[in-house]
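Enquirer: Pasting in a structure now, in structure tokens, and then I'll have a few things to ask.
The values are calculated or read from the model by the stated rules, or taken from the named source; none is laboratory data. Quantities reported herein were computed from a predicted structural model and do not represent experimental measurements. Heads up, the Cβs are rebuilt from the backbone with ideal geometry, glycines too, and the neighbour counts pull from every protein chain shown. Please note that ligands, DNA and RNA were not included when accessible areas were found on the heavy atoms of the full protein model with its side chains. Shrake-Rupley method; radii C 1.70, N 1.55, O 1.52, S 1.80 Å.
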Amino acid sequence: MSVTAKKAIGVLVMSYGTPESLDGVEAYYTHIRRGHPPSAEQLEDLTSRYQAIVGGVFPLRENTNGQVAALQRTLDSLAGEGTYACYQGLKHASPYIEDGVAAMAAAGITEAIGIVLTPQYSAMSVGGYMKRAQEEADKQGIAFKAVQEYHLHPQLIDALSKRVNDGLERLGDSREDSLVLFSAHSLPAKILEMNDPYADQLLATSAAVAKAAGVEKWQFTWQSAGQTGQPWLGPDILETLERLSAEGVKSVLVTPVGFVSDHLEVLYDIDIEARKFADARGIRLERIRMLNDDPQYMNALADSVIGAANGRTN
């Protein structure tokens, strides 16, 4: 894209990343493991999860690409074409975060905003993305500002609350007896010793969405913990479903407020693994539609970017 004439502000849109095909799963997993290749068993497990998702790996990458394109269109609409130029930067796949910043520099961009496709801040997630982006921006001579979080943005809350109500409608007659189960990706439990805001921000998002949707019966749980040998935040969603079953709960609407698109942790961990677990215990499990490129979510991102460019702090 040609942006030098208008001196566009770069927007580095960051996310975790996903392989572009099944052939790229091993390299992707090796990068996650900091250069250590996975064992044959680990590789088979991850590959089988991608294969289990209808459509395979490709829709996952297309979702992220679509979000970046939709954010560009939204920024063009709100601020005028040429004011902002979006670039993608991924944590564990190409184009990496550093690649995105380097592409900005090559286009003559001297000022940039970074935003991550996860609303809640943690030093171990968003903080890590921003550190890499800032370091590369410094090397490239780009003035860099970060959107640290947007977990209570009104447009985000409204978009999620509508999805909760839509999901409860799908439960039909069992709506009144249903429990809304908010979830997010677990992180190592050591973040609690760091006074990290991640857990509190997730609870704040959950409470705000529940209030907006008029939901009184809700809980929060963790999911998708890594297998690292160290404690991760819990309880896990399967443990929570086990307890809910013992308590007589018959229908659950999973609302993954820590995720913003359809990807492995949603399409496999919730739709396949958690649903199978729930079915075996007599619980009907439904899930909200993910935000993906929802216009309200795009407006929340765009407003956060424009605010950061204008010096507004979170």
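Enquirer: Find the residue count for the stretch 16-34, including only residues that are among the polar types (S, T, N, Q), surrounded by fewer than 17 Cβ atoms within 10 Å (Cβ to Cβ) and under 23 Å from residue 270 (Cα atoms).
Expert: Total meeting the criteria: 1.
Enquirer: Six or more apart or on different chains, Cβ under 6 Å: which pairs go from a residue in the stretch 199-220 that's assigned by the TED database to the domain that holds residue 259 to one that's polar (S, T, N, Q) and open to solvent by 20 Å² or more (accessible area, probe 1.4 Å)? Could you list them?
Expert: 213/165
Enquirer: So which residues in the stretch 275-293 are outside any helix (DSSP H, G or I), open to solvent by 40 Å² or more (accessible area, probe 1.4 Å) and not charged (D, E, K, R)?
Expert: 280, 282 - these are the residues of the stretch 275-293 that are outside any helix (DSSP H, G or I), open to solvent by 40 Å² or more (accessible area, probe 1.4 Å) and not charged (D, E, K, R).
Enquirer: On to the next question. Which one of these is touching a residue at least 24 places away in the same chain (Cβ under 8 Å), among the hydrophobic types (A, V, I, L, M, F, W, C), open to solvent by 50 Å² or more (accessible area, probe 1.4 Å) and in contact with a helix residue (DSSP H, G or I) (Cβ under 7 Å, 6 or more places away or on another chain): 78, 12?
Expert: Answer to the check: 78.
Enquirer: Answer yes or no as to whether residue 37 is open to solvent by 50 Å² or more (accessible area, probe 1.4 Å) and not assigned by the TED database to the domain that holds residue 272.
Expert: In short, yes.
Enquirer: Another question, if that's okay. Would you confirm whether any residue within the stretch 259-274 is surrounded by fewer than 16 Cβ atoms within 10 Å (Cβ to Cβ) and in the same structural domain as residue 172 (by the TED database)?
Expert: The answer is yes; a qualifying residue exists.
Enquirer: If only one of 103, 85, 79 is more than 21 Å from the chain's Cα centre (by Cα) and more than 23 Å from residue 155 (Cα to Cα), which one is it?
Expert: Only one candidate passes the filter, namely 103.
Enquirer: How many of the residues making up the stretch 305-314 are open to solvent by 30 Å² or more (accessible area, probe 1.4 Å) and outside any loop (DSSP other than H, G, I, E, B)?
Expert: Residues that pass the stated criteria total 1.
Enquirer: Which one of 262, 293 is within 13 Å of the chain's Cα centre (by Cα), at pLDDT below 95 and of a type in the set (Asp, Glu)?
Expert: One residue alone meets the criteria, 262.
Enquirer: Assess whether residue 302 counts as being among the aliphatic types (A, V, I, L, M), open to solvent by less than 20 Å² (accessible area, probe 1.4 Å) and in the same structural domain as residue 72 (by the TED database).
Expert: It is true that residue 302 is among the aliphatic types (A, V, I, L, M), open to solvent by less than 20 Å² (accessible area, probe 1.4 Å) and in the same structural domain as residue 72 (by the TED database).
Enquirer: Quick check on this structure: which one of 87, 129 is in contact with a Lys or Arg (Cβ under 7 Å, 6 or more places away or on another chain) and aromatic (Phe, Trp, Tyr)?
Expert: 129
Enquirer: Here's something else I'd like to know. May I ask you to say which residue of 103, 137, 143 is free of Cβ contacts under 8 Å to residues at least 60 places away in the same chain and either touching a Pro at 6+ places or on another chain (Cβ under 9 Å) or under 27 Å from residue 212 (Cα atoms) (or both)?
Expert: Just a single option satisfies the conditions, and that option is 103.
Enquirer: Oh, and also: Looking at this structure, is residue 55 assigned to a helix (DSSP H, G or I) and either surrounded by fewer than 15 Cβ atoms within 10 Å (Cβ to Cβ) or modelled with pLDDT under 95 (or both)?
Expert: Taking the combined requirement at face value, the residue does not satisfy it.
Enquirer: Kindly check whether there is at least one residue in the stretch 63-72 that is more than 21 Å from residue 102 (Cβ to Cβ) and open to solvent by 50 Å² or more (accessible area, probe 1.4 Å).
Expert: Checked against the condition, which is being more than 21 Å from residue 102 (Cβ to Cβ) and open to solvent by 50 Å² or more (accessible area, probe 1.4 Å), the stretch 63-72 yields no hits at all.
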